[in-house]
Amino acid sequence: MDVQEATTRRLPDLKERHLPENCRETVNTILKETYGYEQFRNLEIYDNLFKGKEKLCISQGQLIENVILEAEKAWKGEAQVDNILLTAPTGSGKSLLFQLPAIYLGKEYNLLTIVVSPLKALIVDQVESLQELGYTRVAYASSDLSPEQKKEVYRQVREGEIDLFYLSPELLLSYDIKHFVGERRIGLVVVDEAHTVTTWGKEFRVDYWFLGRYLTALKQTLGYGFPLFALTATAVWNPKGGNDMIFETIRSLQMEPCVLYVGTVKRRNIGFDIRQMEIEAGETYDKAKQRVIAARIEDFLDGHKSLLYYPFAGGIDMRLKTWVKPADWRLVASYYGKKEKEQKAAIVQEFKEGTKKLIVATKAFGMGVDISDIDRVYHVAPSSTFVDYIQEIGRAARDAEIRGIAATDYHERDFYYMKRLHQTGNIAQEQLVLILRKLMEVYRMKGEKPEMMVSLSDFEFVVKLPRTRNKLEYEAELGQLIKTALLWLEDDLMQRHGKHLLEISPKNLLTEGYVQDKTGDVFAREFRGYLTKVEGEDGVYVARLEALWEERFPELGYKEFKQKLNNGTLWEGARAVSVGKHEVLLKEDAAVIRERMDALFKSLTAMLKTALIKSKGRFDEEELRAVFAEHGMDVRSAKRFIGSLLESRTEEGRSVSYISSVKKKDSNELSFTVTKGFDLLLSRYQKLFGQRIVGNKGKRLLFYCTPFSDLNMLLNLLSMLDCLSFSVEGGGTPCVFVRFNDPGILQELAFRGDYRNLILDTNEQIFQEQIDLFSFFFGTDKLTDEQRWDFIEDYFTGMGVDSLKKKFTSLW
């Protein structure tokens, strides 16, 4: 995509800044009494980046007064209330800028401040830090809390005992606002870490994209306004380029009119130690990495507090043992997302106290971890984006008296990690087309209603995520991916057509669902007040899941409740599991469908048996493509079909996988290996077909099954053969609300065959730009620390990669 295509959109209107001279005395008093500070810090911001890089020095107190004045305007009912967006470097005291106004507004006017923050660790850290300072009118709610705990927090908020209330975005978007605040008046809404509104790829927080429309609708519902204050440490200002983050944040959060404060990114107390890694004679790349990292760690453990970033959680503990001497293991810990919450908290505490000297972490160790005396941040490989890299090195030397060092040993093969991460979390153009087609199929299946609830399970086999043992983890990844794809479709079509052809909104964490008791009526007798029998189905009930959770299992957190419901262990003596209602429409007679499936299975079996005999089970994507072409399946469907056979099956208590795959070197194609016994899996589908798929073309069938069942798999396989359509309702999987404003155009786009999503094209271009940026930044040792920070500053203020290279190469 030509980046200029992204710039045809109107830039949001900015309001002129009118900074107050200083802040009111009461605020100074709160600063001293609550935080123990005698005076505010100064922030360096750009005056007007449209005109140049002239800078201003402003006080935190001036900005705080600005926020309070806007909240007071809203409280008095004035029509024109300005929103505020601030970018300022890590460690510049951004949390104070909204916490202090919140304390003041609560104290003076009994107004509530809501802070929306993307990471639970960040929320908990800020709440606990304030409580440790002695400020108790602060609380948080997230899906980790049990209904019992949340109920008490909501009571405190409603009754005016809490003035500063932190919420995760998914929780805020799941309920009516009165669910949290009752009749309490909102004075200010804060969006912290606002760059996650626009960060693309695996790090994108899809719920943040919904926030703007939610908050705009909320003001209309409440009948009064409030200012929105958004803050981030890292956001690129580039109104003429495809990687702009600042104006996209304003647009996404619907912040017009907006007063903008763009702070400098430069951290003068952080230097760089970037070396070119040489692979010695007889060494592999991995061995060279092991050698240089081991040497670095030995140095870091000698009097430093260090953070070492590694891209993947898998294998991180094993690598630690090759990098760290056994005598030093007690000084080192690993930190990644899948560790238990208590374990992570203990590691952070030991690191703060100095018992641990070095943490080897994924980027899960980031926002929400405020440790002021880290003096070394090392990157094994480049981060996902240059913006992430600046966020991560900014965790060094938060104490201005400390000299921090951002270090790495660079080799061009380091991009393997970055490319692998990108491919793992990336959505392909072909997937977006398939998602649009599936969406229109569901639209037709459900009677072509202009508004409907759509289960994310409907799209499961379109994206083909690898299944994990943890169903909740899998469900969360599926939800993130599908909602992101739907929003990219919505936004791209809006830009092309100048109107919303499609509108997507999230729904509650728990809605009505279906439960099947496979052990009689024990569950139904105990919870009859929450269940309605589905006529004609053995042991299947419509369940009011949210009421069941909150009233009968208030001690359980959301994840624990869902896990037990998925596993059939919610109630002792009953195996009641969450199931999905699968509505199926046959596109051919069942006999014809069976013939097509058997013919495909026969061809596939012949190909796989040949592979077993001739090449030890190995075969390539080309061979697979040829088999599926014979049966009228396109390449996309063929790959999804074979992908389904990669799934592990549990037989007699053991996990069995008949087909495995690896990605070919220097290619996006796969190489497969099949083992004996694969025909048992195919015959199982044939047997299941004979039991469940009956009827003539046009017949509708109804099944209740779990998302991980063989029947669900069979339906997906047959839909790939274009033999049937089906949609899923319930099953515990999240839903989205979809409004079809112009189904005619959507239908045409879905099946025309030439649709390309420009947002995705832009994201791919940005990804390539990141590789260029890192190649230049890490690939030279000719830049001084000052020049490196100038390079960073130029990038964050809109200079393109080619211009950056030209400018900084000329300095050598």
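Each reported figure results from applying straightforward, stated rules to the coordinates on display, with no laboratory input. Fair warning: this is a prediction, and the values are worked out from it, not measured in the lab. For neighbour counting, all protein chains shown are included, and Cβ atoms are generated from backbone atoms with ideal geometry for every residue, glycine included.
Multiplying the residue separation of residue 687 and residue 537 by 0.36 nm and removing their Cα-Cα distance gives an extension gain of 51.9 nm. Please give every one of the lysines within straight-line cross-link reach of residue 94, meaning a C-alpha to C-alpha distance under 25 Å, and leave out same-chain neighbours fewer than 8 residues apart. Partners within reach: 15, 32, 53, 55, 73, 107, 120, 266, 305, 344, 352, 363. The slack between residue 131 and residue 32, meaning 0.36 nm per residue of separation minus the straight C-alpha distance, is 34.1 nm.
Based on DSSP H segments of at least four residues, each scored -39500 (n - 2.57), the chain has a per-residue ellipticity at 222 nm of -13500 deg cm²/dmol. For the stretch 387-435, the gyration tensor built on C-alpha atoms gives an oblate shape. Its axis ratio a/c (a ≥ b ≥ c) is at least 1.5, and a/b is not larger than b/c. Here's the list of aspartates and glutamates a cross-link from residue 782 could span, going by alpha-carbon distance under 12 Å and ignoring same-chain residues fewer than 8 apart: 273. Using the Cβ-Cβ distance between residue 346 and residue 151 with R0 = 35 Å, the FRET efficiency computed as 1/(1 + (r/R0)^6) comes to roughly 0.75. Going by neighbour counts of Cβ atoms within 10 Å, the residues 127, 67 line up, fewest first, as 127, 67. Taken along the Cα-to-beta-carbon direction at a fixed 7 Å, the label points for residue 614 and residue 630 span 1.2 nm.
Ordered by the number of other Cβ atoms lying within 10 Å of each residue's own Cβ, fewest first, 415, 226 fall into the sequence 415, 226. Calculation over all alpha carbon pairs of the stretch 38-98 in 10 angstrom steps from 0 returns a P(r) of 19, 43, 31, 7 percent.
Share of pairwise Cα-Cα distances greater than 36 Å in the chain is 51 percent (whole percent). Each peptide in 272-281, 576-585 receives the mean, over its residues, of other Cβ atoms within 10 Å, and ordering these scores from highest gives 576-585, 272-281. With K and R counted +1 and D and E -1, the other residues having a Cβ less than 11 Å from that of residue 136 yield a net charge of -2. Across the stretch 210-258, counting alpha-carbon atoms alone, Rg and Dmax equal 12.5, 38 Å.
Given R0 = 35 Å, the distance between the Cβ atoms of residue 622 and residue 772 translates into a calculated FRET efficiency of 0.60.
Modelled this way, with points 7 Å down the Cα-to-C-beta line, the labels at residue 328 and residue 55 are 3.6 nm from one another. Can you bin the stretch 270-421 into rounded, prolate or oblate? Criterion: square roots of the alpha carbon gyration tensor eigenvalues sorted a ≥ b ≥ c, rounded for a/c under 1.5, prolate for a/b above b/c, oblate for the rest. Rounded, because the longest to shortest axis ratio a/c is under 1.5. Note on the stretch 28-170: the alpha carbon radius of gyration divided by the globular reference 2.2 N^0.38 Å gives 1.14. Once C-alpha pairs closer than 8 Å and six or more residues apart are averaged by separation and normalised to the residue number of the chain, the relative contact order reads 14 percent.
Ranked by the mean number of other Cβ atoms within 10 Å of their residues, highest first, the peptides 432-438, 748-754 come out as 432-438, 748-754. The stretch 502-570 and the stretch 295-346 have Cα centres lying 41 Å from one another.
When you filter the chymotrypsin sites (Phe, Trp or Tyr not before Pro) in the stretch 667-732 for DSSP loop state and at most 15 other Cβ atoms inside 10 Å of their Cβ, you are left with 708. Peptides 293-303, 158-168, 350-360, 532-542 ranked from most to least packed give 158-168, 350-360, 293-303, 532-542, packing being the mean of other C-beta atoms within 10 angstrom over each peptide's residues. When the Cα atoms of the stretch 14-262 are aligned to their principal axes, the ranges along those axes come out at 53, 42, 35 Å in descending order. In terms of surrounding Cβ atoms within a 10 Å radius of their Cβ, 264, 673 rank from fewest to most as 673, 264. Summarising the label geometry, the points placed 7 Å from Cα in the beta-carbon direction at residue 76 and residue 9 lie 3.5 nm from one another.
The loop-placed trypsin sites (Lys or Arg not before Pro) in the stretch 48-86, going by DSSP, that have at most 11 neighbouring Cβ atoms within 10 Å of their Cβ come out as 51, 76.
Pairwise Cα separations in the stretch 160-263 fall into 5 Å bins from 0 onward with the following percentages, short to long: 2, 11, 22, 25, 18, 11, 7, 3, 1, 0. Pairwise Cα separations in the stretch 246-344 fall into 10 Å bins from 0 onward with the following percentages, short to long: 10, 29, 25, 19, 13, 3, 0.
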